[in-house]
Amino acid sequence: MSATPISGTKHAFQAEVAQLLHLVTHSLYSNKEIFLRELISNASDACDKLRFEALADASLYGDQPELRVRIAFDKAAKTLTVTDTGIGMSAEEAVSHLGTIAKSGTREFMSRLSGDQKQDAQLIGQFGVGFYSGFIVADEITVESRRAGLPASGGVRWVSTGAGEFEVETITREERGTSVTLHLRDDALEFADGWRIKELINKYSDHIALPIQMEGETWEEGKEEGQPGQMVKTGEWETVNQATALWTRPKKDITDEQYTQFYEQTAHDWQPPLAWTHNRVEGSTEYTQLLYVPSHAPMDLWDREKKAGIKLYVKRVFIMDEAEQLLPRYLRFVKGVVDSADLPLNVSRELLQESRDVRAIREGNTRRVLALLEELAKAPAADTPAPAADNAEVTDVQDKKEAADKYATFWREFGAVLKEGLGEDTANRERIAKLLRYASTTTDTASVTLADYKARMKEGQKAIYYITADTLAAARNSPQIEVFRKKGIEVLLMSDRVDEWSLSFLREFEGTPLQSVAKGAVDLGELQDEGEKQAAEQAAEAVKPLVEKLKEALKDSVEDVRVTTRLVDSPACLVVKDAGMSLQFERLMRQAGQAVPATKPVLEINPEHALVKKLEGNPHFDDLAHILFDQALLAEGGLPADPAAYVRRVNALLI
Ligand code: ADP
């Protein structure tokens, strides 16, 4: 802690704040109006916080039981003031909350800034910038505040022009809570206007569960002939928003636009959501859920500590953010609110863990989100042409197409997270399996469902084949699938880190086993005709001595060497035993710092390949054998254990 006295002193903004301020005022210029949404949102949060703290100490309300937000303006003075009766700030809090960036999300956001104005403006638009957005329209901001519970003498005034520093002094303030006064820039005087402000409240803050009030105005004719009339304030405060929590209203009374705005405010995501589900659940556990699927992944989706974005309310009282018990981890991208009628108001995170009601809500939420995704996924794939429709059906077809695009978007952003559900949520595994989408040897985009695959299976095909690799290109070109390609057998191509792990929980889909083509010997069963089988056996017989020699030469590196029919263009490839982890997965685990026992792979060779034919009786047999092995390793995405030796061997042959 620094020893600088707080009152009557100038403080410099933290460097990041100064940077953010610069960016805000320069890049949000074309979207000025959002400042009001941000300030009202802060005021509303402050009231929520007071309500919550007062659960433990009702005296915090003092003699002001009302929680509300008031917006006043003065055209002549060019000011706009947002006042709340919320928790307020002490002088120390004003210095730290309005002078530094505490929120990790904001810091993360700052670190992503590129310095490119246009790109950064887009980022910032998605992110929401809170209090500092006031400086888009103001050349000076004055905050006066008093924290609930402090005496009137414990008030604070904070003033800044947004240029590097702010000033703080203690003041006497009779009322609890905060008022933020913007001194409007000349090009932002439109906001010192009752109609304009009402329009914005309507647009952004209608659903806020607090009354937002403005002083009434009436039209007064000019007193004398020729003198213009004007709006004059009546001195009465009127509530200008609906002031009921959106989720408590009947669905039919809520427009899509209102749902979207509610999302934007609660999730602090300024891009419209993909879809939502809103339900009142009755029965032994009563609650209301309003859950949204965002349209883009947050920056911290892969953060293992990331909590679910659900706000918990109990009987309309805000209890906590990020109530992670209300959704399984694999649905952590979902945002929204749950309002329980049964939980006690003083519920803690620890209590949530043990509550039966919470378990019921979590299951209910999971079912609803899966149903919502199923709804989106039901639409025909976006790249199949819409069926010919007469006019009456046109909108329906468009809806479906739009839904298909939405599911593709969902899958792109969150598919890899949903896959975790195969391992995490046994009860819903079948439902999740139907939501999976993969690329394949016949389709470039990740759009193939397991059901699509099954429907296209060849006569006599017994398994759903897939391959995992580090990248889609590596999967697509991997030697292991050559014979499948030749015979026109579709193979699912997977390159998400989570694929192999998640599929270890999905042994079959609707009665058909899933089979990695990189594991075990290839057995195409009935897909091979008798002639092919005989030819393969003869070839195997013929190279038996060669196989034995290879085993001996490579005995430190391979578990076994065998002849395969899976290769067409490549001389050799590596596979693992049926139950083992693939070599790619082993590498992933090692990169993640896990201790993995080194398994020796099986080298499979193609007896038809010129290189293999050359091996027999070759004076460089030992070098060639090692090259064959190392190349198979490279093709599969690995690295030779001794890269220098590999290079030396290849060079020796080249010379
Ligand atoms: P955010 O609200 O996203 O945390 P802001 O920059 O908008 O970020 O605000 C920073 C902090 O200042 C808030 O977290 C809060 O602690 C405090 N604050 C802002 N406005 C108010 C207010 N009206 N009443 C009390 N505290 C406030």
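The values are calculated or read from the model by the stated rules, or taken from the named source; none is laboratory data. Everything numeric here is computed off the predicted structure, so don't read it as measured data. We place every Cβ from the backbone using ideal geometry, glycine too, and count neighbours over all the protein chains shown. Accessible surface is based on the protein model in full, side chains and every heavy atom, while ligands, DNA and RNA are left aside. Shrake-Rupley method; radii C 1.70, N 1.55, O 1.52, S 1.80 Å.
Scanning the stretch 77-101 for residues that are closer than 14 Å to Val168 by Cα and away from the ligand (no atom under 11 Å from the Cβ) returns Ala91, Glu92.
Just checking, does the stretch 623-631 include any residue being out of contact with any helix residue (DSSP H, G or I) (no Cβ under 6 Å at 6 or more places or on another chain), closer than 17 Å to Ala474 by Cβ and modelled with pLDDT under 85? No, the conditions are met nowhere in the stretch 623-631. Within the bounds of the stretch 184-204, is there any residue that is under 15 Å from Thr85 (Cβ atoms) and either at pLDDT below 95 or outside any loop (DSSP other than H, G, I, E, B) (or both)? Scanning the stretch 184-204, I find no residue that is under 15 Å from Thr85 (Cβ atoms) and either at pLDDT below 95 or outside any loop (DSSP other than H, G, I, E, B) (or both), so the answer is no.
Against the list (1) at pLDDT 95 or above; (2) within 14 Å of the ligand (Cβ to nearest atom); (3) within 38 Å of the chain's Cα centre (by Cα), the condition Gly162 fails is (1).
Of all residue pairs spaced 6 or more apart or on separate chains, those with beta-carbon atoms under 6 Å, a first member in the stretch 38-61 that is of a type outside the set (S, T, N, Q) and at pLDDT below 90 and a second member that is near the ligand (Cβ under 10 Å from one of its atoms) and open to solvent by 10 Å² or more (accessible area, probe 1.4 Å) are Glu38/Gly130.
Among the residues examined, His26 does not qualify as open to solvent by 20 Å² or more (accessible area, probe 1.4 Å), farther than 30 Å from Ala152 by Cβ and either within 14 Å of the ligand (Cβ to nearest atom) or without any contact (Cβ under 8 Å) to a residue 12 or more places away in the chain (or both).
Counting only strands (runs of 3 or more DSSP E) that sit completely within the stretch 250-366, those holding 3 or more residues that are open to solvent by 10 Å² or more (accessible area, probe 1.4 Å) and touching a residue at least 24 places away in the same chain (Cβ under 8 Å) correspond to 275-281, 309-314, 317-320. Restricting attention to the stretch 183-191, does a residue exist that is in contact with an Asp or Glu (Cβ under 6 Å, 6 or more places away or on another chain), over 30 Å from Pro65 (Cβ atoms) and among the hydrophobic types (A, V, I, L, M, F, W, C)? No: zero hits. Against the numbered list (1) buried (at least 18 other Cβ atoms within 10 Å of the Cβ); (2) part of a loop (DSSP other than H, G, I, E, B); (3) among the hydroxyl-bearing types (Ser, Thr, Tyr), Tyr132 comes up short only at (2). Only one entry of Phe73, Phe52, Phe35 meets the criterion of being of a type outside the set (Asp, Glu) and not in a helix (DSSP H, G or I), and that entry is Phe73. Is it the case that some residue within the stretch 601-614 is in contact with a Ser or Thr (Cβ under 7 Å, 6 or more places away or on another chain), assigned to a loop (DSSP other than H, G, I, E, B) and open to solvent by less than 30 Å² (accessible area, probe 1.4 Å)? The answer is yes; a qualifying residue exists.
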